Each structure stands twice: as structure tokens, then as C-alpha cells.
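**Student:** One structure coming up, written as C-alpha cells, with questions to follow.
The values are calculated or read from the model by the stated rules, or taken from the named source; none is laboratory data. As the structure is a computational prediction, the values presented were derived from the model and not from experiment. Please note: Cβ atoms are built from the backbone with ideal geometry, for glycine as well, and neighbour counts cover all protein chains shown. Heavy atoms of the whole protein, side chains included, go into the accessibility calculation; ligands, DNA and RNA do not. Shrake-Rupley method; radii C 1.70, N 1.55, O 1.52, S 1.80 Å.
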Amino acid sequence: MKVLVAVKRVLDYNVKPRVKPDGSGVDLAGVKLSMNPFDEIAVEEAVRLKEKGIATEVVAVSCGVTPCQETLRTAMAMGADRAILVECAEELQPLAVAKLLKALVDTEKPSLVILGKQAIDDDCNQTGQMLAALAGLPQATFASKVDVVDGKATVTREVDGGLEILQLDMPAVITTDLRLNEPRYVTLPNIMKAKKKPLQTLKPSDLGVDVTPRIRTLKVEEPPRRGAGVKLADVAALVDKLKNEAKVI
Ligand code: AMP
């Protein structure tokens, strides 16, 4: 059983985003970029399936600029067997990524595709769902537990007010939630081993996909600064302010 895992290179979650002076987007110059945290969870889950003897091969895929190779090497240091970079300098929106992944699903024929539930840079939460629709595959989003038995995946999802358990025929698409697992740290020997693992590079045109953006960003701006708080003498003063100033009661 082959597992395809999508990994996106994003602004590291510890870095405070800076907006470009012209408001055209987030400034990525000279800042640390890392694997999207939900994708680390996706790689970890795929590698655990391999360690349990359920998966036979884990293939990591990233779509984007040449340095995404580093993110793919990290995925291979975590345990992925090989990697595919769909190299593209243009901005890639979720629909374009979903189409690229669909083309790879057609050629690689994985039994499972695992993605993060969302990328922490664009916060779209769309790619997995779009991929499932384009490929005509069953999907389970926000997985907090995955069991694969007899060619079926049983996925526990976190939904409002509880847990939902779905059983999917495979091939299927799963997106990961935070509580699915705790990704392992990569060790130096595994980083060295990952350097020797195969990394294939393709262009979107090799997959016959047009990645032209469909959505235009008009402006990106910092959230307004929070004003200073005030101390009130008593509850009556608070109620008065809520009623007459904030007009919320
Ligand atoms: P999004 O829909 O943008 O929030 O992304 C959801 C998930 O889709 C991510 O966690 C990744 O697993 C996958 N994904 C999105 N963009 C890319 C990309 N450029 N390369 C590889 N995987 C991606």
C-alpha cells in the first residue's frame, strides 16, 4: 500500500509575519521557512503506517519553488521513502495544488493521500477537499485517529460537540488535525540518510496542469493595534460602559 503525503513549505510558526510595505503580501525575505505543522503530522502518520507494516511506501510531494526540496528532505528524514517536487515559481493557490496532486494520484496510484487540514500561511483549508472532489475519492477531514484494516480506513474526526467515526473505502483522502499524533524529531543520521533518497522534480506542464491563479489578493494589512485598557471603579461603571459606550448590552 502506497501513501502519498503533501507537504507545504510555509513561514515557520514561531516567526511573526511582517507585511510588505506595499501591502502586496507577507514578506518572506530572510525569514525561516519550515514544513507546515499539519503536514508534519501527515508525514508522521504515514511513516507510522509503514512502521506497522500496513504501508509499503511513503511518497512526499511538495509544490512550489526550488527550496521546497529542503522540506521534502525533512519529510524523508522523518521516514518518507522518496519525494516529488512539482517545481513552480508562480504563486500556487489550493485549486492549482489540488489539480497537481490529482495528476500525481493518477500516475502514482496511492491507496491513501494524507494532507494537512490547513496551511498556516493561507489558512485556506481547501486543498484536501478539492483533491477528493477532483479525483472522485472519499474523504475524511480533520482526522484525530486513523486505523487501516482490510483495505478500509476508519477515521475519527473532531466535530462540534464530539467525535465522528467514518469508514472509507480506499483509495481515499485524509486531512490531519492537531491531535492525530506528535511528530518525531529528525535525527542527524536520518538527515544524512535522507540526502541519498530519491527526489524527482517535475514541472506543472509535465502533469498537464495550468496553475494560473484564479484569485487576486487586493491588499494585505496588519491587524489594528489594540488600544490600552482602562480600570473601572466598580461593576456599575462597567455596566454603564457596556450599555452606553460599547452598546453591547
Ligand atoms: P490549504 O488548503 O492551503 O490550507 O492546505 C491544506 C493542505 O494541502 C496542506 O496542509 C498541505 O498538506 C497541502 N498543500 C497545500 N499547498 C501545498 C503545496 N504547495 N505543496 C504541497 N502540499 C500543499
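**Student:** If each DSSP helix of 4+ residues adds -39,500 (n - 2.57) and the sum is divided by the residues in the chain, what number results at 222 nm, nearest 500 deg cm²/dmol? Before the final figure, lay out each step's value.
**Tutor:** Working: 6 runs with 68 residues, N = 249.
Calculated mean residue ellipticity at 222 nm is -8500 deg cm²/dmol.
**Student:** Counting pairs of Cα atoms in the stretch 1-106, how many percent are more than 22 Å apart? Intermediate results must be reported in sequence, preceding the final value.
**Tutor:** Values: 1911 of 5565 pairs.
Tail fraction, whole percent: 34.
**Student:** Same structure again: Which one, Q69, Q93, Q118, has the greatest fluctuation when you compute a Gaussian network model over the chain with C-alpha springs under 10 angstrom?
**Tutor:** Its mean-square fluctuation being the largest, the pick is Q93.
**Student:** Okay, moving on. Which whole-angstrom value gives the distance between the alpha carbon centres of the stretch 19-34 and the stretch 142-185?
**Tutor:** 34
**Student:** Out of L33, L72, L218, any idea which swings most in a Gaussian network model of the chain, alpha carbons joined below 10 Å?
**Tutor:** L218
**Student:** Separate question: In whole angstrom, note down how far apart the Cα centers of the stretch 198-249 and the stretch 47-85 are.
**Tutor:** Here the two parts' Cα centres lie 32 Å apart.
**Student:** Still on this model: Top mean-square fluctuation among A46, A75, A132, Gaussian network model of the chain, C-alpha springs under 10 Å?
**Tutor:** Judging by the Gaussian network model, the answer is A132.
**Student:** Using C-alpha positions alone, give me the convex hull volume of the stretch 82-174 per residue in cubic angstrom. Please list the in-between numbers first.
**Tutor:** On the way: hull volume 10.6 nm³, N = 93.
It comes to 114 Å³ per residue, whole-number rounded.
**Student:** If you don't mind, there's one more thing I want to ask. Taking the Cβ of V5 as the center, what net charge do the other residues with Cβ under 9 Å away carry, scoring Lys and Arg +1 and Asp and Glu -1? Don't jump to the answer; show the numbers that get you there.
**Tutor:** Values: positive: none; negative: D39, E45.
Here the charged neighbours net out to -2.
**Student:** So what is the orientation-averaged projected area of the chain, using the convex hull of its C-alpha atoms, in nm²?
**Tutor:** Working: hull surface 71.9 nm².
Here the figure is 18.0 nm², rounded to one decimal.
**Student:** Could I ask something else about it? Mind ranking L4, L28 by accessible surface for me, highest first, 1.4 Å probe? Before the final figure, lay out the partial values.
**Tutor:** Working: L4 0, L28 90 Å².
Sorted by accessible area, descending: L28, L4.
**Student:** I've got another one for you. Protein chains only, probe 1.4 Å: how do Y185, Y13 rank by accessible area, largest first? Don't skip to the end; give the middle numbers.
**Tutor:** Values: Y185 210, Y13 165 Å².
So, going from the largest accessible area down, we get Y185, Y13.
**Student:** Percent antiparallel among DSSP beta bridges with both residues in the stretch 2-244, to the nearest 5?
**Tutor:** 40
**Student:** Sticking with this structure for a sec: I'd like the carbon and sulfur percentage of the solvent accessible area for the chain, probe radius 1.4 Å, heavy atoms only, ligands and nucleic acids excluded. Write down the numbers at each step before the final one.
**Tutor:** Details: 7690 of 14200 Å².
The nonpolar share, carbon plus sulfur, comes to 54 percent.
**Student:** Where does the stretch 95-237 land on the Kirkwood hydrodynamic radius, alpha-carbon pairs, in angstrom? Intermediate values should be presented prior to the final figure.
**Tutor:** Details: mean 1/r = 0.0531 Å⁻¹.
After inverting the pairwise mean of 1/r, the radius is 18.8 Å.
**Student:** Are there any helices in the chain, counted as whole DSSP H runs, that stretch 18 Å or more along their axis by Cα and score at least -0.5 on average by Kyte-Doolittle, and if so which?
**Tutor:** 37-51, 94-108
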